Amino acid sequence: MARAAREATSAVHIGFDVGGTKIFGVATDGAGKLLHTVREPTPAGAQHLVTTLAGMVRQLAPQPGPVSVGVGMAGLITTDGRVTISPNLTGVDGATVGTDLSAALDMPISFDNEVNCAARWELADGAAQGIDHGVMVAVGTGIGGAFMLRGEVLRGSLGLAGEPGHMIVEAGGRACPCGRRGCWEMYASGSALDRLAGERLGGEVRGPDVTAAARHGDVGALEVLGEYSYWLALGISNLCVLTDPEMVVIGGGLSEDWDLIAQPVDEHLTQLLIGRTAESRPAVVRSKAGELSAALGAALGGAREHSAALGGARQHSAALGGAREHRAALGGVHTEGAVPDGGSEPVT
């Protein structure tokens, strides 16, 4: 029994968040403690993506390798692991990335939409612990989402639920990579902030420049964030009207700068939400793991599937979801900020 416990703790579980511009990878031990992180640019094409992920697995878990691997990916992912469409990735529509990676690594792979993964982590060990009805919104290159119902992530009939980035917020508006016009992510994603910054401030100004300038009180930058906050609040209000959540969790890259826009978003929500008083409005909070929540959720999903196969899902998922050491490590990651491009590093 003691040997089995030691082996479970020393096992390495890997999770990936495949976004439009970058891939975050994490390695955790069997108790859920964060061991290593790695970040690489997202390549074009399904085969290049599989090759990159396989290489990152070897970086994160040298021999004897990981016990489980989970992948969360931007886009509409069916329950059988097919990428129906991923507007912000190139050359992956229709691909079976999970199956192909499983073959490359010769092991089972857990594969899902990346915000579904993030929401599972938030429910298990993040901001949404104890929440029955919630929404997660991940703002990065695009906007992803997940719906939490009675403590579980709602996937829908085919696994395609939770894509609020492609709800129309302006009829006939900006052209979206999905082929339609006026999608929410064309106004409230990280890419949209880049575009708005260039339009309002000119030149090569991008979103990170705006947030950096806003922290120093730059009036123009603050005005850009105020306008951007309206579009973000508009979409959040639509989700609240549809689902009546207790909480909205904000993840993705924007969550790192949530303190800059939390107040204007709240002010816009006050004007936009119907049937809610200030006291009854859902809390809008930042993810506890920031940009790493989806990768951690993917690792959690892979570990749970592995444990289920071994007959120990309840005990193992509880360890991964509730380890005090895991929360302490994540607190350090969030404070330190993003992981440098390329390579891997231990989390101390």
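Summing charges over all other residues whose Cβ lies under 10 Å from the Cβ of Thr141, with Lys and Arg as +1 and Asp and Glu as -1, gives -1.
Each of the peptides 197-205, 23-31, 110-118 was scored by the mean count of other Cβ atoms within 10 Å over its residues; in descending order, highest first, they stand as 110-118, 23-31, 197-205.
When only the Cβ of Lys, Arg, Asp and Glu is charged (+1, +1, -1, -1), the dipole of the chain relative to its Cα centre reaches about 680 debye. Think of it as helices only: each DSSP H run of n ≥ 4 in the chain is worth -39500 (n - 2.57), and spread over all residues that comes to -13500 deg cm²/dmol at 222 nm.
Taking amide hydrogens as placed 1.01 Å from N in the peptide plane, the amide H of Ile85 sits under 5 Å from those of Leu76, Gly94, each at least 5 positions away in sequence or on another chain. Using the Karplus relation 6.51 cos²θ - 1.76 cosθ + 1.60 with θ = phi - 60°, the per-residue 3J(HN,Hα) values for region 89-97 come to 10, 9, x, 10, 4, x, 7, 10, 4 Hz, with x marking Gly and Pro.
Rounded, prolate or oblate for region 168-310? Axes are the square roots of the Cα gyration tensor eigenvalues, ordered a ≥ b ≥ c, and the cut-off for rounded is a/c under 1.5. Taking the square roots of the gyration eigenvalues as a ≥ b ≥ c, region 168-310 is prolate.
Length available on full extension from Leu310 to Glu152: 0.36 nm per residue minus the Cα-Cα distance, which gives 54.7 nm. The slack between His48 and Met107, meaning 0.36 nm per residue of separation minus the straight C-alpha distance, is 19.3 nm.
Here log10 I(q)/I(0) by the Debye sum over Cα atoms at q = 0.07 Å⁻¹ was calculated from the structure, and among [x] -0.34; [y] -0.38; [z] -0.27 it sits at label [z].
The phi torsions of region 164-174, fed into the Karplus equation with coefficients 6.51, -1.76 and 1.60 and a -60° offset, translate into couplings of x, x, 10, 7, 7, 10, 8, 4, x, x, 4 Hz, rounded to whole numbers, with Gly and Pro shown as x.
Packing order of peptides 253-263, 169-179, highest average first: 253-263, 169-179 (average count of other Cβ atoms within 10 Å over each peptide's residues).
For the chain, what does the relative contact order come out to in percent, with C-alpha contacts under 8 Å and a separation of six or more? Dividing the mean separation by the residue count of the chain yields 23 percent. Under 5 Å between amide hydrogens, built in the peptide plane, is the criterion, and for Ile23 it picks out Glu40, Thr42 among residues at least 5 positions away or on other chains. Share of carbon and sulfur in the accessible area of the chain stands at 53%, probe radius 1.4 Å.
Using Cα pairs closer than 8 Å and at least 6 residues apart in sequence, work out the relative contact order for region 1-151, in percent.
That works out to 19 percent.
Our compactness index for region 142-251, the C-alpha radius of gyration over the empirical 2.2 N^0.38 Å, is 1.18.
Think of the chain as a dipole: +1 on every Lys or Arg Cβ, -1 on every Asp or Glu Cβ, centred on the Cα centre; then among Gly302, Ile236, Ile143, Gly302 lies furthest on the positive end.
Here the chain carries DSSP beta bridges of which approximately 60% are antiparallel, counting only pairs with both residues inside. Fully extending the segment from Ala171 to Gln59, taken as 0.36 nm per residue of separation minus the present Cα-Cα distance, adds 35.8 nm. Seen from Ile85, the other residues with C-beta closer than 14 Å to its C-beta sum to a net charge of -1, counting Lys and Arg as +1 and Asp and Glu as -1. Amide H contacts for Asp218 (H built 1.01 Å from N in the peptide plane; partners 5 or more residues away or on another chain; cut-off under 5 Å): none found.
Judged by the mean number of other Cβ atoms found within 10 Å, the most tightly packed of the peptides 183-196, 44-57 leads the ranking 183-196, 44-57.
Using Cα springs under 10 Å in a Gaussian network model of the chain, which residue among Leu292, Leu242, Leu160 shows the largest mean-square fluctuation? Residue with maximal mean-square fluctuation among Leu292, Leu242, Leu160: Leu242.
The phi-based Karplus calculation (6.51 cos²θ - 1.76 cosθ + 1.60; θ = phi - 60°) puts the 3J(HN,Hα) values of region 264-276 at x, 4, 4, 5, 5, 4, 4, 7, 8, 6, 10, x, 9 Hz, whole numbers, x for Gly and Pro. Once the other residues with Cβ under 14 Å from the Cβ of Gly172 are scored (Lys, Arg +1; Asp, Glu -1), what is the net sum? Around Gly172, the surrounding residues sum to +2.
The values are calculated or read from the model by the stated rules, or taken from the named source; none is laboratory data. Remember, predicted model here, so these are calculated numbers, not experimental data. Neighbour counts are summed over all protein chains in view; Cβ atoms, including those assigned to glycine, are modelled from backbone coordinates with ideal geometry. Just the protein is used for accessible areas: all its heavy atoms, side chains included, with ligands, DNA and RNA removed. Shrake-Rupley method; radii C 1.70, N 1.55, O 1.52, S 1.80 Å.
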